[in-house]
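Student: The structure's right below; bear with me while I get my questions together.
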Amino acid sequence: MNKMTGNGTEKGTRHIIEEGIRNTATKMLESGEVDVFIGYEEGTLPLRTTPAFITCPEDATRLVWGPACENNLTVYLPKFQGAVGVVVKGCDVRTLTNLILENQISRDKVKIVGVPCSGIIDRDRIRKVLGTEGPIERSMERPVRSAQVTERSLILEGDGFEFEIQLEDVLAPSCETCAYPIPVVYDVLIGDESMARHAKDSEAGYVEVTRFAELERDARFSYFSREIERCIQCYACRQACPLCYCPECFTDRQSPKWISRWRGLSDKILFHLGRILHVAGRCVDCGACRRACPVGIDLRLLTKNMEKVVKESFEYESGLDIDCLPLLAAYKREDPDDFIL
Amino acid sequence: MGEDTFKGLLKIAKEDLDVLVDAFAKSSYVVLAPVAEGEATKFGVIGGMRIKIPHLTTRPVKELFFPQNETLFSFDCSGKADSTIKTPDAVTPDGVIPDAVMPDAVATDGISPRVIMGVRPCDARALVLLDYVFASNEYKDPYYTIRREQTVVITFACPRPGIACFCASTGGGPYDETGSDVMFMESDDSYLIKVISEKGRRLFQESLPLLKGGCSECPCVIFEADDTDIRAARDAKAASEQLLSANCSANVPIEAAVDTLGRSTGFSDPAWEEIYRKCLGCAVCTYLCPTCHCFDIGDEETNDYGERVRNWDSCMFPLFTLHASGHNPRPSRKERFRQRVMHKFNYFVEANDCIACVGCGRCVENCPVNLDIRQVLSVFAGGVFA
């Protein structure tokens, strides 16, 4: 099977974290502190893990940790009855903070198991690296048959090739510029802070959107349209987003019908802009929407820009503080009013 | 598949593929093949581009027959138009009916003949399953049927099935000919060509003379395959099947799962309570599925003009079954996930005597949370997927 957890013989950081998660889950389930423990287990494909809902302490050994633990598991929390333990990375906990602030889950129902994160891998990026510098023609094959993780690299095997990629070269874009790899809120922190990736200044994440904003308006719109046009309206971005928890999304309203499934670009734009505006001041750039998109639409262009606008306007970064009001529920005299969010 | 797979084969060098495509185009066929769209791939008109065959396109070929959106007819209430109800007169090569419409019944001659190159055997097989729905003896959907009739499907056998592939478990295989008019098989630097159907024969009859006319130095790029070629192709097929069966996914216990789901207890099996849990409720699995075919019909209107449209729908969405009263018979993701599995592996079986899955692995690969249908089926088969 494909080991995405990097458990070699040496006790690497990931191994220590994985052990920590398993022990914590066992303890929490045995003591009855939680009814369910949500973490990651081995997936069925190389470079994949899958969410695991553990209810028996003995099943805790299924839990894994590694750079393929891509899903933001807090997406499952608003629906939960009972007490739940959840594994969170630095970004995931910030969506959880928002869920708590927005009364979607009460703080005492959730045991936050924080993991010092060293970044997760981006499968699209891996395909690109394999294609441009590696052994296969880009996007022409499903190349990888098995994968192994070492401390710093991935060793990918496919038909007639073995190829090593440095993890650093294939991190998810959100991870590359992550400012909060260590969870800001937790009940238990697995391992210690030194195990996390070095935090970047949050400004580093805005370089791309700033560059994009400098383009001519027509160039911006044509890029944006080209991206959105590809949308197949599967709503995976919405479904993967922990903060898109509305019981009925505006896109699903029939009366009035805001969004048509008809092939209009304008409907697709309306959906994406509508969704982005709904997560303004809440989005933490965990990248779940981008990863879920089956056709690879550059959704971070929108989310990252929104994050930047919020930060510049209100000096607010979402999900860092558990004792404040949500941004859009709060008012300060010095709030600017020179724009419409 | 018997030994006759390799009888009467033609042969073309890989580098001459584009010459053949030109000949198809010259004999008035529109040629479609995999095209890149951002990070994804789908089938589209290739124009003058070189053909590149990916392992499997992100989007299946079904949308060229059953597009995500199509106009069934339009209506005009302004009082100025000649006719109040109009039906589409043409279907563009990429399967979209243009907005221009004309009176009377659905025209059957509005679509030019097309060739789709580079379809994989799983996708071709899926078309035969879609035929049960849209082109059965009982009911023929004119929009779908005309596209099927006017299309020659050229399948490329899979020399290297991927890690998510499980076609052999669903009754197909990397060299399965079901649904193909012509099949290309890789053999070293060449493709061996097997003409399967009458439509395929016609395509070659019409195109090959043009091929000869196009090049006087070397009159033909198509040859008859000799014994060496056939041996190579046979080896490639064996290697492909070997690769697939070495694949941990190749042996999905579908029959046992179908049996469990078909019992009176299948619908209420306790496994449903757990198995759906990680499902996010998006439509990736259904929209990228080559056999999913659910749709919604509605009207798109402006003041006095409107179109009756058919759009893809997904059983993963709550809106799919929401009643006007507000009641929803499939209130949670559990019921919705069950519906998808039951439709493919029970209801479709009851109606058509075959499962509605071709093992392409798109849902496996693209599910944002790796909820793997092979694993689901293994659970119902009483085993563990490993």
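Student: Quick one: which of B:164-175, A:320-331, A:299-310 comes out on top by average Cβ neighbours within 10 Å, and what's the full order, highest first?
Tutor: Descending mean neighbour count gives B:164-175, A:299-310, A:320-331.
Student: Give me the extension gain from residue B:50 to residue B:263: residue separation times 0.36 nm, minus the current Cα-Cα distance, reported in nm with one decimal.
Tutor: 71.6 nm
Student: Still on this model: Charges only on Cβ, +1 for Lys and Arg, -1 for Asp and Glu: so what's the dipole of chain A about the Cα centre, in debye to the nearest 20? Intermediate results must be reported in sequence, preceding the final value.
Tutor: Numbers: 44 positive and 53 negative charges, 222 e Å.
It comes to approximately 1060 debye.
Student: How far is the Cα center of the stretch A:273-288 from the Cα center of the stretch A:8-63, in Å?
Tutor: Answer, in whole Å: 29.
Student: If the limit is 28 Å between Cα atoms, which of B:199/B:237; A:109/A:311; A:89/A:311; A:304/B:62 go over it?
Tutor: A:109/A:311; A:304/B:62
Student: Using only the Cα atoms of the stretch A:57-216, what semi-axes does the equivalent ellipsoid have when each is the square root of 5 times a gyration tensor eigenvalue? Give whole Å, largest first.
Tutor: In descending order the semi-axes read 31, 22, 15 Å.
Student: Right, next: Order by neighbour count: B:363, A:69, fewest other Cβ atoms within 10 Å first, most last.
Tutor: Details: B:363 23, A:69 30.
Ranking B:363, A:69 by Cβ neighbours within 10 Å, fewest first, gives B:363, A:69.
Student: Could you line up A:80, A:221 from fewest to most neighbouring Cβ atoms inside 10 Å? List each step's numbers first, then the result.
Tutor: On the way: A:80 17, A:221 12.
By the 10 Å Cβ count, ascending: A:221, A:80.
Student: For n ≥ 4 DSSP H runs only, could you compute -39500 (n - 2.57) per run for chain A, divide by its residues and tell me the 222 nm figure to the nearest 500?
Tutor: It comes out at -9000 deg cm²/dmol, rounded to the nearest 500.
Student: Given R₀ = 25 Å, what would the calculated FRET efficiency be for residue A:325 paired with residue A:184, taking r from the Cβ atoms and rounding to 0.05? Kindly include the intermediate steps, with their values, before the conclusion.
Tutor: Details: r = 17 Å, r/R0 = 0.68.
Here the calculated transfer efficiency is 0.90.
Student: Determine the distance separating the Cα centre of the stretch B:221-256 from the Cα centre of the stretch B:10-69; give it in Å without decimals.
Tutor: First find each Cα centre; the distance between them is then 23 Å.
Student: Next question. Over 27 Å, how big is the tail of the calculated P(r) for the stretch A:201-329, in percent of all Cα pairs?
Tutor: Here the long-distance tail beyond 27 Å is 20 percent of all Cα pairs in the stretch A:201-329.
Student: Ranked by Cβ crowding within 10 angstrom, fewest neighbours first, how are B:143, B:191, A:206 ordered? Numbers along the way, then the final one.
Tutor: Working: B:143 22, B:191 26, A:206 18.
Least to most surrounded, the residues fall as A:206, B:143, B:191.
Laboratory data are not the source of any read-out in this text; all were calculated from the coordinates shown. The structure presented is a predicted model; accordingly, all values stated were derived computationally and were not measured. We place every Cβ from the backbone using ideal geometry, glycine too, and count neighbours over all the protein chains shown.
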